[in-house]
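The values are calculated or read from the model by the stated rules, or taken from the named source; none is laboratory data. Since the structure is predicted, the reported quantities are computational estimates derived from the model, not experimental observations. Note: ideal-geometry Cβ built from the backbone for every residue, glycine included; neighbour counts use all protein chains shown.
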Amino acid sequence: MNSKKKGLNTICTHIGELEDKQHKGAVSPLYMSTSYAYEDVDVKRYPRYFNTPNQEGLCKKIAALEHTESALIFGSGMAAVSTALMAFLKAGDHVVLQQTLYGGTYNLVNEEFSKYGIEYSFTKGWNAEAFEAEIKGNTKVLYIETPSNPLLTITDLESIASIAKKHGLTTIIDNTFASPVNQNPIDFGIDIVIHSATKYMGGHSDICAGAVASSAKNMERIFQLAKNFGGSLSDYTVWLLERSMKTMGIRVRAQNENALAMAYFLEGNTDIEKVYYPGLPAHQDYVLAKKQMKGFGGMLSFELAPNLDASQFQKALRLIKPSMSLAGVESTVLSPSKTSHALMSAEVRASQGIADGLIRFSVGIEEVEDLKEDILQALDAIKK
């Protein structure tokens, strides 16, 4: 099926699906084989080459969703991040990375890049001027994340793409928090899109995967490294992910709606010191978010009033789960200082505005009134 002029939910449901020619089943068959014929075949298939039937089908779906020519699916989000970056960097090169960044990516760069002779700079902000200020003669890549983890800052995609083209650089974005439902960076001139498919693509907290989508030329370069790094995904998980993505549009739009309602609710509560959500008019990047996002996403962060303990609050919740990951259909909370950004030093977290009491809230698809009730009872419990 051609994805052109097809709606989001149609792409989620049908693009890349495999035909069950034998039994005419309604869902894609699962090909579990790790060994395929090599004589008299058009394609020599091997799981580590990302070209089993299920892998190929899922990659077509992801490419269609991100408006790209090609895509690859990986064993984790960090496998996708590391492979994409290393495919465009070598010893002596320099990369500029956004200041507000997922802790795992920050740790990869901070701990590993110097071993390979790759130079790097973190911006002192997330606007275009902050990126251009860090560009050097050997800069090759600009790396961004928007909305960012965990403070939901918004980076101007068109401005970053314009600067990159001016200097002949490659742009890479982590689009995980937005998902393809809410944002398509390729349409704004970004070159390469990365996802932790564990999150909104999987959506049920039971799959670990990553994805990269770009032009056929860029993806060929990434593939040549990926097959050597060996970060492919098992076909069973590929099949589960393809199944999960059929409902991604419905899930994410419901999470958008719930998150906006919860952001307004928290903003109006005197026990909440600050709320970070790009869908609030008070958010510093609200106008930009409206320009480049189709929805504001299911993620927000907030800080309790100074006299309230974030850890005790999370333990007092009954419906919302304190949990390590995000973007499942169930609502979860965590403290970035203890989880996603724990590998950063306290000084670096402070420089990025990540307070020890910050709580990241992944809003699920539950009824909003039930989520509000749980927040209120937890606040009451820790004030006693």
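Okay, here's what the table says:
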read-out	value
Positions within region 1-18 being modelled with pLDDT of 95 or more and in a loop (DSSP other than H, G, I, E, B), in sequence order	G7, I15, G16, E17, L18
Filtered residue count, region 198-230, keeping only those that are under 22 Å from L240 (Cα atoms) and part of a loop (DSSP other than H, G, I, E, B)	13
Flag for E66 being under 21 Å from M1 (Cα atoms), under 22 Å from the mean Cα position of the chain (by Cα) and charged (D, E, K, R)	yes
In region 74-84, the residues that are in contact with a helix residue (DSSP H, G or I) (Cβ under 8 Å, 6 or more places away or on another chain) and either modelled with pLDDT under 95 or surrounded by 21 or more Cβ atoms within 10 Å (Cβ to Cβ) (or both)	F74, G77, A79, V81, S82, T83, A84
Filtered residues of region 203-234 (kept if small (G, A, S), surrounded by 24 or more Cβ atoms within 10 Å (Cβ to Cβ) and within 18 Å of the chain's Cα centre (by Cα))	G203, A209, G210, A211, A213, S214
Residues satisfying the stated conditions in region 112-150, i.e. of a type in the set (A, V, I, L, M) and either farther than 25 Å from A79 by Cα or surrounded by fewer than 20 Cβ atoms within 10 Å (Cβ to Cβ) (or both)	A128, A130, A133, I135
Residue that is over 21 Å from V363 (Cβ atoms) and either part of a strand (DSSP E or B) or without any contact (Cβ under 8 Å) to a residue 60 or more places away in the chain (or both), where the choices are I186, I194	I194
Matching residues in region 143-170 - criterion: being touching a residue at least 40 places away in the same chain (Cβ under 8 Å) and assigned to a helix (DSSP H, G or I)	L157, E158
Qualifying position, being assigned to a loop (DSSP other than H, G, I, E, B), within 30 Å of A164 (Cα to Cα) and either among the aromatic types (F, W, Y) or assigned by TED's automatic domain parsing to the domain that holds D174 (or both), among Q22, Q99	Q99
Test: residue in region 251-272 that is in contact (Cβ under 8 Å) with a residue 12 or more places away in the chain, part of a strand (DSSP E or B), more than 30 Å from S33 (Cα to Cα) and not assigned by TED's automatic domain parsing to the domain that holds L142	yes
Where a residue in region 60-73 is in contact (Cβ under 8 Å) with a residue 24 or more places away in the chain and buried (at least 24 other Cβ atoms within 10 Å of the Cβ) and its partner, wherever it lies, is acidic (D, E) and assigned to a helix (DSSP H, G or I), with Cβ under 7 Å and at least six apart	K61/E242
Members of region 258-313 found to be of a type in the set (K, R) and within 25 Å of G328 (Cα to Cα), listed by number	K274, K290, K294
Candidates L169, L260, filtered to the one that is within 25 Å of K294 (Cα to Cα) and either crowded, with 19+ Cβ neighbours inside 10 Å or in contact with a Leu (Cβ under 6 Å, 6 or more places away or on another chain) (or both)	L260
Options V275, V238; residue that is modelled with pLDDT of 95 or more, part of a helix (DSSP H, G or I), surrounded by 21 or more Cβ atoms within 10 Å (Cβ to Cβ) and not aromatic (F, W, Y)	V238
Members of region 11-28 found to be more than 16 Å from I62 (Cα to Cα) and free of Cβ contacts under 8 Å to residues at least 24 places away in the same chain, listed by number	E19, D20, K21, Q22, H23, K24, G25, A26
Close pairs from region 356-384: first touching a residue at least 40 places away in the same chain (Cβ under 8 Å), partner assigned to a helix (DSSP H, G or I) and surrounded by fewer than 14 Cβ atoms within 10 Å (Cβ to Cβ), Cβ under 6 Å, at least 6 apart	I382/Q312
Long-range neighbours under 7 Å by Cβ, at least six apart or interchain, first residue touching a residue at least 40 places away in the same chain (Cβ under 8 Å) and in a helix (DSSP H, G or I) within region 103-131, second small (G, A, S) and buried (at least 16 other Cβ atoms within 10 Å of the Cβ)	G103/S340
